[in-house]
Amino acid sequence: MKLSSAFRGSDLARNIAENIKKATRRRWNLMEFCGTHTVAIFRHGLRSMLPAGLNLVSGPGCPVCVTSRRDIDRILHLAGMPGVVTATYGDMMKVPGSGMSLAEKRARGADVRVVYSITDALEIARANPSARVIFVAVGFETTAPSTAAVIRAAALEGVDNFHVLSLHKVTPPVVGALIEGGTEVDGFICPGHVCSIIGSRPLEPIARDYGKPCVIAGFEPADVLQAILMLVRQLEDGRSEVEIEYTRGVRPEGNPNALAAMNEVFRKVTAEWRGIGEVEATGLKLRDEFASFDAERLIDREIVSEPDPPGCRCGEVLRGELAPTGCALFGAACTPENPVGPCMVSSEGSCATYYQYVGRQRT
Amino acid sequence: MCLAIPALIKEKDGTRAKADIGGAVREINLDIVDRPVEVGDYVLVHAGFAIHKLDEKEALETLELMRKVFGQ
């Protein structure tokens, strides 16, 4: 069978949407944490299928968007060092730092390469033994295990010119930080592929301690709608549980092999999230055994960053407090071609998604 | 960035495999997949790594659930 196309049928989506309308009696704010869900919701026009009382709020689930300006400046510092080849995922290229972006740094002569996978970066290191290859690792729990697996492989092989700047972040604690910060959300559509790795259990404190129901959702239109239906039923019944809609992709215990690789290579540290601030135990730093692969050790001076550009409201957008269209720069001074803030850069940033699907009109 | 795409394993050699991803065959890495996989299995692939063996039985059950009409 086709494991994804079966979930794309319009009859299926209409049936679930009808069930959502029947189930919804009160007004609810639901946050889709993950930028990949935001894209799916807009691409398939799911908002137009929901009753008026259901409001979807986009969350901070875009790894590029939540990377702090100081971390961008650290990348730019490393990329400017002699003999360094910087490799990263494409979305990082246009994020503005205090002075410029990686794309601009490359235009001025730095060797910056876009890769599809961290394995490509290791390959660049093998092929260029006289260069120092630095992989800029961004991403949540979906991505961090692949970084861990490659660092482990590089250690076994003894590739000594390969380094990783780990900007990886783990997600459940930041949901708690959002709730404590006052974001008004009744329930969470939780990221399916993050939970393929971590399972459903790390979300339990959100449902239990904060009373906010969580449903782990897949990325096809029927998945997202079904997750919304499950959240509405929980809320209308007065329940607060963690449920898995995406059962074909997520098991309650997660992926033990991926978790073991992450745990072997990384330890949790406090990380700075753009718009949210420092959140304890959400950063992943290379353990001492792998310190020779840690690109942080190559940073040879204090990095001082300028404050965010005036008028940029990415912070409020990332916290779910402001829709992108509520920012005065949106679609005027800030566009995907000429982004002011990171939410307009990444293909999964809330502002870029709104710009593509809603356009310049204000909603 | 958290998109993972279903892929069909076509060939397997240790922790490396060739997989059909939407019609294109790419090399993928099986180092961190959650359960043993064989040729003919579907996996979710993210950034070149298989991260989860897809469960066909679960997929069919979810579809069944979605086709149910609420209130019946």
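Quick check: anything in the range A:301-312 open to solvent by 50 Å² or more (accessible area, probe 1.4 Å), at pLDDT below 95 and touching a Cys at 6+ places or on another chain (Cβ under 8 Å)?
To start, the set of residues in the range A:301-312 that are open to solvent by 50 Å² or more (accessible area, probe 1.4 Å) comprises A:301-302, A:304, A:306-308, A:310.
Going one step further and asking which of them are at pLDDT below 95, we end up with A:301-302, A:304, A:306-308, A:310.
The next check asks that each one be touching a Cys at 6+ places or on another chain (Cβ under 8 Å); those that pass are A:308.
Taking every residue of the range A:301-312 in turn, at least one turns out to be open to solvent by 50 Å² or more (accessible area, probe 1.4 Å), at pLDDT below 95 and touching a Cys at 6+ places or on another chain (Cβ under 8 Å).
Would you point out which residue out of A:Arg132, A:Arg113 is in contact (Cβ under 8 Å) with a residue 24 or more places away in the chain, open to solvent by 70 Å² or more (accessible area, probe 1.4 Å), in contact with a strand residue (DSSP E or B) (Cβ under 8 Å, 6 or more places away or on another chain) and farther than 27 Å from B:Leu3 by Cα?
Going through A:Arg132, A:Arg113 in turn, just one is in contact (Cβ under 8 Å) with a residue 24 or more places away in the chain, open to solvent by 70 Å² or more (accessible area, probe 1.4 Å), in contact with a strand residue (DSSP E or B) (Cβ under 8 Å, 6 or more places away or on another chain) and farther than 27 Å from B:Leu3 by Cα: A:Arg132.
Being over 24 Å from A:Gly315 (Cα atoms), open to solvent by less than 20 Å² (accessible area, probe 1.4 Å) and at pLDDT 95 or above is the filter here, so list the residues in the range A:51-87 that pass it.
Within the range A:51-87, A:Leu78, A:Ala79, A:Val84, A:Val85, A:Thr86, A:Ala87 qualify.
For the range A:59-87, give me each residue that is out of contact with any Leu (no Cβ under 7 Å at 6 or more places or on another chain) and within 14 Å of chain B (Cβ to nearest Cβ).
Listed by number, the residues that qualify are A:Gly59, A:Gly61, A:Cys62, A:Pro63, A:Val64, A:Ala87.
Any residue in the range B:56-67 that is β-branched (Val, Ile, Thr), at the interface with chain A (Cβ under 9 Å from one of its Cβ atoms) and under 13 Å from the mean Cα position of the chain (by Cα)?
Checked against the condition, which is being β-branched (Val, Ile, Thr), at the interface with chain A (Cβ under 9 Å from one of its Cβ atoms) and under 13 Å from the mean Cα position of the chain (by Cα), the range B:56-67 yields no hits at all.
Just one of (1) assigned by TED's automatic domain parsing to the domain that holds A:Val85; (2) assigned to a strand (DSSP E or B) trips up A:Ser146, so point out which.
It fails just one condition, (2).
Exactly one condition in (1) open to solvent by 10 Å² or more (accessible area, probe 1.4 Å); (2) within 21 Å of B:Met1 (Cβ to Cβ); (3) assigned by TED's automatic domain parsing to the domain that holds A:Leu122 is false for A:Glu280; which is it?
It is condition (2) that A:Glu280 fails.
Hey, which of the helices (runs of 4 or more DSSP H) in the range A:149-232, taking only ones fully inside, have at least 2 residues that are more than 19 Å from the chain's Cα centre (by Cα) and surrounded by fewer than 18 Cβ atoms within 10 Å (Cβ to Cβ)?
Working: elements: A:172-180, A:192-198, A:204-209.
Of the helices (runs of 4 or more DSSP H) lying wholly inside the range A:149-232, those with at least 2 residues that are more than 19 Å from the chain's Cα centre (by Cα) and surrounded by fewer than 18 Cβ atoms within 10 Å (Cβ to Cβ) span A:204-209.
Quick one: which of B:Leu8, B:Leu44 is in a strand (DSSP E or B), within 10 Å of chain A (Cβ to nearest Cβ) and open to solvent by less than 20 Å² (accessible area, probe 1.4 Å)?
B:Leu44
Testing B:Ile32 on (1) surrounded by fewer than 22 Cβ atoms within 10 Å (Cβ to Cβ); (2) at the interface with chain A (Cβ under 7 Å from one of its Cβ atoms); (3) not basic (Lys, Arg), one condition comes back false. Which one is that?
In the conditions (1) surrounded by fewer than 22 Cβ atoms within 10 Å (Cβ to Cβ); (2) at the interface with chain A (Cβ under 7 Å from one of its Cβ atoms); (3) not basic (Lys, Arg), B:Ile32 misses (1) alone.
So A:Ile16 ticks every box in (1) within 14 Å of another protein chain (Cβ to nearest Cβ); (2) in a helix (DSSP H, G or I); (3) surrounded by fewer than 23 Cβ atoms within 10 Å (Cβ to Cβ) but one. Which box is left unticked?
(3)
What are the residues in the range B:11-23 that are under 17 Å from A:Thr36 (Cβ atoms) and not in a loop (DSSP other than H, G, I, E, B), if any?
B:Ile21, the sole residue that qualifies.
Restricting the search to the range A:115-136, which residues are farther than 16 Å from A:Leu76 by Cβ and outside any loop (DSSP other than H, G, I, E, B)?
Matches in the range A:115-136: A:Ile118, A:Thr119, A:Asp120, A:Ala121, A:Leu122, A:Glu123, A:Ile124, A:Ala125, A:Arg126, A:Ala127, A:Val133.
Cβ contacts < 8 Å: first residue more than 14 Å from every other protein chain (Cβ to nearest Cβ) and open to solvent by 10 Å² or more (accessible area, probe 1.4 Å), restricted to the range A:23-40; second residue modelled with pLDDT under 95 and assigned to a loop (DSSP other than H, G, I, E, B), any location; separation 6+ or different chain. Result?
Final answer for the pair search is A:Arg26/A:Gly53; A:Arg27/A:Gly53; A:Trp28/A:Gly53; A:Asn29/A:Glu184.
The values are calculated or read from the model by the stated rules, or taken from the named source; none is laboratory data. The structure displayed is predicted, hence computed values, not measured ones. Because the Cβ atoms are built from the backbone with ideal geometry, glycine has one as well, and the counts that use them run over all protein chains shown. Side chains are part of the model used for accessible areas, which takes the heavy atoms of the whole protein and leaves out ligands, DNA and RNA. Shrake-Rupley method; radii C 1.70, N 1.55, O 1.52, S 1.80 Å.
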